[in-house]
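The structure under discussion appears below in the form of structure tokens.
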Amino acid sequence: MKMKISLHIPSYLTVLTWFYCLLIGLVTGAVAFAVSVGVSSFFKGVWAAIVQDIFSEEPGGVGGLAWAYAKFAAANLALVLSGAVLVLAIAPVAAGSGIPNMYAYLNGIDIPDFLNMRTAVAKVPASVLVVSGGLAIGKEGPLLHIGSIIATWFGNTPLFTRMKEAKDKEPFAYEQHTRDLVLCGAAAGLAAGFKAPIGGVLFAMEMASRWRPELTWRCLFTTAATATVIRASTASLNSHFLLDKGGECKHKNCDILSYGSLLSFSVNFTNKTPFRETGLMIILGILGGLLGSLYTTLNTMMIGSKRWGYRNKTWARLLDIGAVSVLTSVLRIVLPWMGHCLPKKACDDCPSVAPGAAELQSFVNYGCDEDSYNDLAALMFNPQGFVAKMLFQEEMLRFTGTSLFIFTLFYYLMAVLAYGGPIPAGLFTPSLITGGALGQLFAWSVNKMFGMNLDLGLYAFLGAASLLGGMFRFAVSFCVVLVELFESDAQIPFLILVLVFAKGVGDRINQSILNHLCILLGLEYVGGHPDSTIRRKGFKAKDIAAKNIPKLHPMDSMENINKALDADEHGVFPIVRHTYLRGSSHSSAPVENFIGMVSREDLEQHLEKLQEEQEGEDSDPEAPTFLLSERLDASVDLTSLIQLPPVVLPPEMPLTTVFRLKNASGIEYLPVVGTHGPLQGLISRHELVDAQNKHVDPHNLQQRLDILTKEPFLARAAALSHIYHDVTVPLLGDAHLRRSMSGRRNLRRCSSVF
């Protein structure tokens, strides 16, 4: 018997999806590289030139040193305000990193204007400007948002839209094809910022509520394309513009990517496997968890108590971020006077031997001679790329403990103040720099107190990991991101150890910064709590299900339909049929057997169609016409509209299972049905979020934020909705779930300006 061999040919939608993944990776990599070069060019051409004037022995121009200080602060202020004006004028939703909004979007929440091209037009140049303005923010978070916008643009092309609409959809479930592309774009954005393709996939996996095996391969393919573009562009820049055929530098711009980028970065640690120092690493992880959770609390309080009050006043928001810029510049100028003059490293082949950029070699105006440098000034005035390299290098005693402490406190507090303004702002780079300074300060202190010889660069590396873990609580992805960024796979066991302790300590104090921002902005994110926390409460499906839901019958009167439409809060109506149990008399109360659901959109379209048919049948044009909704005694057949829900829950189902089912399937409505068919309630996103925020969360975060902002959870979302250009049409609305007439749905379809 011959075996018949058949060849499986993928569908057009599958082929198109893979092709779009390739395009998303290529375009995201190109945009990310352009942003990196733009930031580095601003640092090189504007910022470093002014700082060089500050460091020179005889500052030129009118007013001498005071004029150089004023130019430095004014240049930073101009860059920051330019970026803020771009955001507020073109797309207010471009402010912030975009990661909390993406976190909620991937959970199933539609956010207007968040993923359209107008937002990218504002975010790309604004990111270059504000990062170049010297604020304690990064560009890697905005790159994730930009990658998602690129993916959305491809997902909204007519060809892809027609193909995905042709696929069968489950009733009352979220559409997934475009969200899958957006997830690939988010992974590509992170991979572009940290040259970490695998780390980008793992970050997307930890951020997504629903994950399928095929998504892993698509995201890997996308991030591989991104990494190829980044590396090819870097090599092309070096070979064609910076280096000659012999590998020698053509001019002074050979290290231009080091000014504002982490793309050319690698570190070699002297002691790669210090297992005897495990106890010290655990202490550092605990310290990073404490500071990461404290940052989350301080930043949330800053946004909720202060910035929330003037979120609708453009002049106040510009004044706010302008004040932060001026304060940051003033502290950069003043604090180096508290630094120490350290001898420069002897180097026969190096024309510059002080740490940092080649322009910043003279520290005469900060009390240092030609053979020494001011350690705190080197940290304050160097661009982010050079600061990161200085902190993670393995050299001993490059910075004093006092300077490290001052710089850590400065960067930590400035990051608290800067994030939340009307500017694109990421937290990855500030966390790396602050955590690196913290780790090096920790190792320096141990060396001084106990006479040990800890590797300062290694502990800076672990300190950065601990602060990231304490803030975001994404242990696995950040471990891989840092390993790929620093090319240091030998430190994986220590990274995991530090991240686990940082996350564990942070979870005991508060939720992650993403969950804080989602609740602060009224985004109904489902999840974020471990099963053990939910299980301890002992809730069942029947305990949280909404009971007072308008019900309809297969053949119902117009009066009942009108009442149901007026009382609707969910956008869906359960259909029940009155029956009697076997053996019971007809004098007893009937049982409402649940037979399916009808969406509000389908019901309204059906009524409009019946109204048109009625008007067409009326042959006398002079006869008075009656609207169908006014004929209360008219009966409407709803049988053709009834759809069976994919999942029906028993009343005793544990709440942990309900949460897992919701996030795994993306089903919008979960009916709770008793043994003999009666409907006992309906569970939607609102009921789950209400249960987790009011009853499950051990930190009572929603109640605290309600008090802090003086507005309830859903009202916060409604208060932000008017700033968008078009809030009536969702950007990526689900075809079967659009509930434009539902008040609560309108409250949920909004986002953040922060």
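The values are calculated or read from the model by the stated rules, or taken from the named source; none is laboratory data. Quick caveat, the model's predicted, so the values are computed rather than measured. Here Cβ is always computed from backbone atoms with ideal geometry, including for glycine, and neighbour counts include all displayed protein chains. The area values use the complete protein model at the heavy-atom level, side chains included, leaving out ligands, DNA and RNA. Shrake-Rupley method; radii C 1.70, N 1.55, O 1.52, S 1.80 Å.
State whether the residues of the range 355-363 include one that is over 26 Å from residue 128 (Cα atoms), surrounded by fewer than 21 Cβ atoms within 10 Å (Cβ to Cβ), out of contact with any Gly (no Cβ under 9 Å at 6 or more places or on another chain) and not acidic (Asp, Glu).
For the range 355-363, residues over 26 Å from residue 128 (Cα atoms), surrounded by fewer than 21 Cβ atoms within 10 Å (Cβ to Cβ), out of contact with any Gly (no Cβ under 9 Å at 6 or more places or on another chain) and not acidic (Asp, Glu): present.
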What residue, among those in the range 44-71 that are open to solvent by 20 Å² or more (accessible area, probe 1.4 Å) and of a type in the set (Phe, Trp, Tyr), is modelled with the highest pLDDT? 69
Across the range 487-505, what is the number of residues that are surrounded by fewer than 21 Cβ atoms within 10 Å (Cβ to Cβ) and either over 15 Å from residue 282 (Cα atoms) or small (Gly, Ala, Ser) (or both)? 4
Restricting the search to the range 636-660, which residues are part of a helix (DSSP H, G or I), open to solvent by 10 Å² or more (accessible area, probe 1.4 Å) and of a type in the set (A, V, I, L, M)? 641
When the range 510-538 is examined, which residues are found to be farther than 24 Å from residue 308 by Cα and either open to solvent by less than 10 Å² (accessible area, probe 1.4 Å) or assigned to a helix (DSSP H, G or I) (or both)? 531, 532, 533, 534, 535, 536, 537
In the range 661-687, which residue that is touching a Gly at 6+ places or on another chain (Cβ under 9 Å) and in a helix (DSSP H, G or I) is surrounded by the fewest Cβ atoms within 10 Å (Cβ to Cβ)? 663
Number of the exception - residue 577 against (1) open to solvent by 30 Å² or more (accessible area, probe 1.4 Å); (2) in contact with a helix residue (DSSP H, G or I) (Cβ under 6 Å, 6 or more places away or on another chain); (3) at negative phi; (4) outside any helix (DSSP H, G or I): (2)
Condition check: touching a His at 6+ places or on another chain (Cβ under 9 Å), open to solvent by less than 10 Å² (accessible area, probe 1.4 Å) and in a helix (DSSP H, G or I). Does residue 705 satisfy that? yes
Would the range 319-331 turn up any residue that is at pLDDT below 90, out of contact with any Gly (no Cβ under 6 Å at 6 or more places or on another chain) and in a helix (DSSP H, G or I)? no
Which one of 193, 200, 189, 185 is part of a helix (DSSP H, G or I) and over 23 Å from residue 495 (Cβ atoms)? 185
In the range 112-138, which residues are in a loop (DSSP other than H, G, I, E, B) and either open to solvent by less than 10 Å² (accessible area, probe 1.4 Å) or acidic (Asp, Glu) (or both)? 112, 113, 114, 115, 133, 134, 135, 136, 137
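Among 97, 41, 36, which is at negative phi and surrounded by fewer than 18 Cβ atoms within 10 Å (Cβ to Cβ)?
41
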